[in-house]
1. How do the helices (runs of 4 or more DSSP H) wholly within region 174-272 filter down when requiring 3 or more residues that are of a type in the set (A, V, I, L, M), within 12 Å of the chain's Cα centre (by Cα) and not assigned by TED's automatic domain parsing to the domain that holds MET100: which remain?
2. Taking the conditions exactly as written (assigned by TED's automatic domain parsing to the domain that holds SER146, among the β-branched types (Val, Ile, Thr), on the phi < 0 side of the Ramachandran plot and crowded, with 17+ Cβ neighbours inside 10 Å), does VAL62 satisfy them or not?
3. If I go through region 22-35 residue by residue, how many of them are in contact with a Lys or Arg (Cβ under 9 Å, 6 or more places away or on another chain) and either in a strand (DSSP E or B) or crowded, with 19+ Cβ neighbours inside 10 Å (or both)?
4. Kindly provide the set of residues from region 273-289 that are touching a Pro at 6+ places or on another chain (Cβ under 9 Å), in contact (Cβ under 8 Å) with a residue 60 or more places away in the chain and part of a helix (DSSP H, G or I), ordered by number.
5. Any residue at all in region 124-143 that is without any contact (Cβ under 8 Å) to a residue 40 or more places away in the chain and in contact with a strand residue (DSSP E or B) (Cβ under 9 Å, 6 or more places away or on another chain)?
6. Being free of Cβ contacts under 8 Å to residues at least 24 places away in the same chain and not acidic (Asp, Glu) narrows it down to one of ILE303, ILE292, ILE323, so name that one.
7. Here are the criteria: (1) assigned by TED's automatic domain parsing to the domain that holds PHE273; (2) out of contact with any Phe, Trp or Tyr (no Cβ under 6 Å at 6 or more places or on another chain). Tell me which single one ALA169 does not satisfy.
8. Go over the candidates PRO185, PRO257 one by one and state the one that is touching a helix residue (DSSP H, G or I) at 6+ places or on another chain (Cβ under 8 Å), within 17 Å of VAL296 (Cβ to Cβ) and either of a type outside the set (A, V, I, L, M) or surrounded by fewer than 24 Cβ atoms within 10 Å (Cβ to Cβ) (or both).
Amino acid sequence: MPSIFSSPNPILFGIGTAKETGARLKELGCSKVLVVFDQGVKNAGIADKVLESIHAAGIKTVCYDNVLPDPPDWSVDEAGALGVKENVDGVVGIGGGSSMDTAKAAKILLTNPPPINQYFGRQGVVKTAGKPLIVIPTTAGTGSESTPGGVITDTKRNVKDVVAGIGCAVTLGIVDPELTISLPPAITASTGMDVLCHAVESFTSKRSNSFCDVLAREAITLVGKHLAIVCQDGSNVEARAGMLFAGSLGGMALSGPLCHLGHDIGKPLGANFHIPHGTACATCLPQAVEYIAPAVPEKVKFIAEALGSNVPGNATAEETGLIACEAIKGLMREINLPNLKSYGLTKEQVLAVAPEVMKLGLELAPMPTTEAVVRNLLDRAYDEN
């Protein structure tokens, strides 16, 4: 199946690059910007560091610090209204995927009438360029600094939906490993698994292509090399940089092929049970990779080996899938990623999301996916992980 490779916005990558935020905004002609972040980023002192750089460049700021996980539409509307009221001419998003996605959606509302939910999905794509947007990730996870859209919760339908297009495009991503050093192990683990899901799923998607495969392979390799290290020693700047690099590459890789089973199952799990996004998407990843192995055995072999396992030369596709499954489960245990039981869920509750998963289409997995298959993956994940 043909797919498009989306070349993303420029990314300024390296230790200390967050200090250049003000200078970069000045180059873009900004004089007053909306700065979007959550309370965690604020309490960690990260927002103040970026604000200092912006103010030093003579640029005024107005802050929206009420970003919530899985950002709800009403929160985005609030942020956009604040920006319009204050007549800002740019936006800066600081934080994880929720902050960056809120900033992207708020950018739309600076030049387009609210509410944000009229711009959800393919029919609502805003095709007119808006005001400059700089995003600064503080987690190695979503890769939102290198993707053309964002994910917002539609509170009326209780589902996650997307905003996309040039109307919310990132003007510049500033990726500074120093900003992730204080990230707690639990968040490091969850966001790190989101990176792996992006890379593995885009790599094995029906829409995979040569461009995206190169990026995904490198992202998977970097996760295998660095994720366990940063969960054990968050001060390891080299490993932090490696995970941030993997996150950006994973974001680029998924922009054409998109994701499949991990995210398809993870989205309703997250929405129904408030499980962190990366953890929810990783829940069935081991079993999903084993399931698709007959369709893409060489790719699954690469995944297993990149995560440190040995695949014999004469291994069947099924054996390769099992080895990859165990490799992913081993990594999840090593980084202490919570399983479904740790959230107090019964198997019946978990299996009940299968019909919701089927509503997402599931056309990108390389193997046929019925509701029975989804139930089996959930059943196994509940017992095995």
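The values are calculated or read from the model by the stated rules, or taken from the named source; none is laboratory data. Keep in mind it's a predicted model, so treat the numbers as computed, not measured. Positions of Cβ are generated from backbone atoms using ideal geometry, with glycine treated the same way; all protein chains shown enter the neighbour counts.
1. Working: elements: 185-204, 210-232, 237-254.
By residue number, 185-204, 237-254.
2. Working: assigned by TED's automatic domain parsing to the domain that holds SER146: yes; among the β-branched types (Val, Ile, Thr): yes; on the phi < 0 side of the Ramachandran plot: yes; crowded, with 17+ Cβ neighbours inside 10 Å: no.
Here the answer is no, as VAL62 does not meet what is asked.
3. Qualifying residue count, region 22-35: 4.
4. Of everything in region 273-289, those that are touching a Pro at 6+ places or on another chain (Cβ under 9 Å), in contact (Cβ under 8 Å) with a residue 60 or more places away in the chain and part of a helix (DSSP H, G or I) turn out to be HIS277, THR279.
5. Taking every residue of region 124-143 in turn, at least one turns out to be without any contact (Cβ under 8 Å) to a residue 40 or more places away in the chain and in contact with a strand residue (DSSP E or B) (Cβ under 9 Å, 6 or more places away or on another chain).
6. Working: ILE303 fails: free of Cβ contacts under 8 Å to residues at least 24 places away in the same chain; ILE292 fails: free of Cβ contacts under 8 Å to residues at least 24 places away in the same chain.
Being free of Cβ contacts under 8 Å to residues at least 24 places away in the same chain and not acidic (Asp, Glu) holds for just one of ILE303, ILE292, ILE323, which is ILE323.
7. Unmet condition: (1).
8. Working: PRO185 fails: within 17 Å of VAL296 (Cβ to Cβ).
Every option except PRO257 fails the conditions.
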